[in-house]
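Take a look at the structure set out below.
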Amino acid sequence: MLGRITDLLHRSNNLLAELSGWLVSAIMVFLIFDIVSRLFSKPVQGVSEMAVFALVATVYLGLSHCEENHNHIRVEFFMETLTSRTRKISDLSDHLVAILFMAIASYASYMNALFSFQTGEAISGTTPLPVYPVKFVIFIGCAFYLLQLIANGAELMLEIWANQGRKVEEK
């Protein structure tokens with residue numbers, strides 16, 4: 001059961017990371033289009049805002065894939081002095097704190113996106129751009145990051161419990 005869930009999460013993370021990569025290309029196209037249209041004195045309203053929306057989506061959609069591969073920045077100096085078991089316990093406590101904060105962030109981003117949708121919040125300009133789509137993307141990114149944190153935390157917990165009572169190799 002756990003294997004099927006982690007496999008589904010892995011495939012979802014890969015899909016979100018792939019989408020994030022394509023959004024980087026979209027940002028490039030938006031910015032080139034914006035520059036070229038301004039060169040011909042025919043600027044198109046909202047293009048740079050769309051690039052910003054795509055940038056925000058790129059960041060949030062890549063979070064869970066980054067967590068899955070343990071690619072987030074961390075300070076190793078102190079951790080290298082700890083035993084393997086103590087390091088895993090420290091990692092687990094870090095994950096528990098991160099899970100708490102991401103649960104709050106996921107809830108807050110959902111409520112903010114819902115409010116934005118209900119009120120029709122938009123960026124003002126000659127062509128108002130609704131902001132709720134990007135806010136829902138932020139929620140999706142936070143939610144998948146939270147799910148990946150939970151999966152990694154469960155994996156750490158299982159590793160700690162599996163080695164309980166046995167001498168764990170020092171590193």
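The values are calculated or read from the model by the stated rules, or taken from the named source; none is laboratory data. Because the structure is predicted, anything quoted here is derived from the model rather than measured. Every residue, glycine among them, receives a Cβ derived from its backbone with ideal geometry; neighbour counts consider all protein chains shown. With ligands, DNA and RNA removed, areas are computed over all heavy atoms of the protein, side chains included. Shrake-Rupley method; radii C 1.70, N 1.55, O 1.52, S 1.80 Å.
Counting 0.36 nm for each residue step from Y107 to R38 and taking away their Cα separation leaves a gain of 20.8 nm. Ligands, DNA and RNA left out, the accessible area of the stretch 86-135 computed with a 1.4 Å probe is 72% carbon and sulfur.
A simple charge model with +1 on the Cβ of Lys and Arg, -1 on the Cβ of Asp and Glu and nothing else charged puts the dipole of the stretch 15-109 at about 120 debye relative to its Cα centre. The angle between the Cα long axis of helix 132-162 and the main principal axis of the chain comes to about 10°, on a 0 to 90 degree scale. With K and R counted +1 and D and E -1, the other residues having a Cβ less than 12 Å from that of G62 yield a net charge of -3. Computed packing ranks the peptides 59-69, 138-148, 35-45, 86-96 as 138-148, 59-69, 86-96, 35-45, most packed first, by mean other Cβ atoms within 10 Å. In the chain, the DSSP-assigned H stretches of four residues or longer account for a calculated mean residue ellipticity at 222 nm of -26000 deg cm²/dmol, using -39500 (n - 2.57) per stretch and the full residue count as denominator.
Evaluated with a Cβ-only charge set (Lys, Arg +1; Asp, Glu -1), the stretch 65-171 carries a dipole of roughly 160 debye about its Cα centre, given to the nearest 20. Amide H contacts of L129: I123, each under 5 Å away and 5 or more positions distant or on a separate chain (H built 1.01 Å from N in the peptide plane; Pro and chain starts excluded). Calculated on the alpha-carbon coordinates, the convex hull of the stretch 3-104 measures out at 134 cubic angstrom per residue. Could you pull out which residues in the stretch 53-77 have an amide N less than 11 Å from a spot 7 Å beyond the Cα of S90, following the Cα-Cβ vector? Once the point is set 7 Å along Cα→Cβ of S90, 75-77 turn out to lie under 11 Å by backbone N, inside the stretch 53-77. Per residue, the convex hull around the alpha carbon atoms of the stretch 90-171 comes to 97 Å³. Compute the long axis of helix 84-119 from its Cα atoms, compare it with the longest principal axis of the Cα atoms of the chain, and write down the angle in degrees, 0 to 90, nearest 10. Taking Cα atoms only, the helix is inclined about 30 degrees. A Förster radius of 30 Å, combined with the Cβ-Cβ distance separating L100 from E18, puts the computed FRET efficiency at roughly 0.55.
Normalised per residue, the accessible area of the chain is 66 Å², obtained with a 1.4 Å probe and no contribution from ligands, DNA or RNA. Summarising the label geometry, the points placed 7 Å from Cα in the beta-carbon direction at N71 and L129 lie 2.6 nm from one another. Against the chain, whose longest principal axis comes from its Cα atoms, helix 47-61 is set at around 10 degrees. Counting every alpha-carbon pair across the chain, the share separated by more than 18 Å comes to 70%.
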